[in-house]
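Structure record follows, encoded as structure tokens.
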Amino acid sequence: MSNLIDLTDVAMPTAAEGRRVETLARTDAFELKRLSLAKGFEIPEHTAPGPITVQCLVGRVTFMADGEPNDLSAGKLIHLPTRVPHSLKAEEDSVVMVTKMAAR
């Protein structure tokens with residue numbers, strides 16, 4: 001069975017909310033989330049137990065990976081291997097899609 005997802009159907013958070021997180025799909029192998037972020041919202045440094053990708057759909061974020069800044073604007077994607085420290089700051093109202101793969 002397929003599940004069609006409209007990536008453009010996004011409810012942006014208010015500045016007071018900071019972010020909205022939606023799980024779009026989940027299996028034993030991966031999890032797909034859409035994060036809507038108000039300008040200035042920050043996700044502190046953390047790691048993931050498996051590989052991840054982060055794709056900017058709208059806006060612009062600074063994505064720190066292993067201490068290195070990466071400017072992600074709409075259409076850009078970054079891939080990280082397992083347990084790489086990373087954080088994120090929304091430079092504009094932004095939407096990112098995060099895919100978390102299961103740890104091997």
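The values are calculated or read from the model by the stated rules, or taken from the named source; none is laboratory data. Quick caveat, the model's predicted, so the values are computed rather than measured. The protein model used for the area step is the full one, side chains on, heavy atoms only, and it has no ligands, DNA or RNA in it. Shrake-Rupley method; radii C 1.70, N 1.55, O 1.52, S 1.80 Å.
Details
- As a fraction of the 1.4 Å probe accessible area of the chain, surface on carbon and sulfur atoms comes out at 52 percent.
- Each Cα pair under 8 Å and six or more residues apart adds its separation to the average, and for the chain the resulting relative contact order is 32 percent.
- The Kirkwood hydrodynamic radius of the chain, based on inverse pair distances between different Cα atoms, is 13.9 Å.
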